[in-house]
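K.L.:
This is the structure, below, for whatever I ask next.
The values are calculated or read from the model by the stated rules, or taken from the named source; none is laboratory data. Just so it is clear, the model here is predicted, and its values are computed rather than measured. With ideal geometry, Cβ positions are generated from the backbone for all residues, glycine too; neighbour counts draw on all protein chains shown. Accessible surface is based on the protein model in full, side chains and every heavy atom, while ligands, DNA and RNA are left aside. Shrake-Rupley method; radii C 1.70, N 1.55, O 1.52, S 1.80 Å.
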Amino acid sequence: MKIAIIYCSKYGTTEKVCHTICKMVGNGNEVDLFDLKNQKNLNICEYDAIVLGSPVYAGKPRKQMVEFCKNNE
């Protein structure tokens, strides 16, 4: 299975959690990590599963993640 873990992190905690998830699901799977800070045009069509990671402030995910989700509906 090909899995994309896509995240945005302000202070690094979300990034650490996504790296831990990558290690946990990596056995027998092809896993790619993407930081939205460094990725502008990301083709997610080739993945079987997608994991999204974002911190939540005042009940809302980071603006980068909201924009990514809107652009990839």
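K.L.:
Among the residues that make up segment 50-70, is at least one of them open to solvent by 80 Å² or more (accessible area, probe 1.4 Å) and either touching a His at 6+ places or on another chain (Cβ under 7 Å) or of a type in the set (S, T, N, Q) (or both)?
P.N.:
no
K.L.:
Looking only at residues that are open to solvent by less than 50 Å² (accessible area, probe 1.4 Å) and of a type in the set (Phe, Trp, Tyr) in segment 1-37, which one is farthest from VAL51 (Cα to Cα)?
P.N.:
PHE34
K.L.:
I'd like to verify a number: residues in segment 14-56 that are in contact (Cβ under 8 Å) with a residue 40 or more places away in the chain and outside any loop (DSSP other than H, G, I, E, B), how many?
P.N.:
Residues meeting the conditions: 6.
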